[in-house]
1. Once phi is turned into ³J(HN,Hα) by the Karplus curve 6.51 cos²θ - 1.76 cosθ + 1.60 with θ = phi - 60°, what whole-Hz value does each residue of the range 26-36 show in order, with x for glycine and proline?
2. Could you tell me which of rounded, prolate or oblate describes the range 7-95, using a ≥ b ≥ c as the square roots of the eigenvalues of the alpha-carbon gyration tensor, with rounded for a/c under 1.5 and, failing that, prolate when a/b is larger than b/c and oblate otherwise?
Amino acid sequence: MTSGANFHDANGVDRLFWVYILENAESTFYIGQTDDLQARLQSHNRTASIEGKFTRKNGPWSLVWSEEHGTRAAGMVRERQIKRMKSARWIREELLQGRVPTGRD
């Protein structure tokens, strides 16, 4: 299947893809994309000793924003768009619309 194709679960139901933003206690953001938002959040918050994993070393993380996409390709494009902004302030103002308190900016 190509990256632009819709995916289906075991029951033939269309599977959605998600772009998401996590935030930790230090107001650091993590941006990612997945086809299983809850499983991915649990994975980021896992405490198992796996060296070199940014989210495991800097958690716990809270989901503060998510956006659904019909294809993985669309999700990846949006993820790259957000990452290119490289600005916590832009994320707070444009995506979160001021909903997340901050002491960092």
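1. With coefficients 6.51, -1.76 and 1.60, one gets 8, 6, 8, 9, 10, 10, x, 9, 7, 9, 9 Hz.
2. Numbers: a/c = 2.24, a/b = 1.22, b/c = 1.83.
Oblate, since a/c reaches 1.5 and b/c is not below a/b.
FYI, it's all coordinate maths here, none of it is from the lab. Quantities reported herein were computed from a predicted structural model and do not represent experimental measurements.
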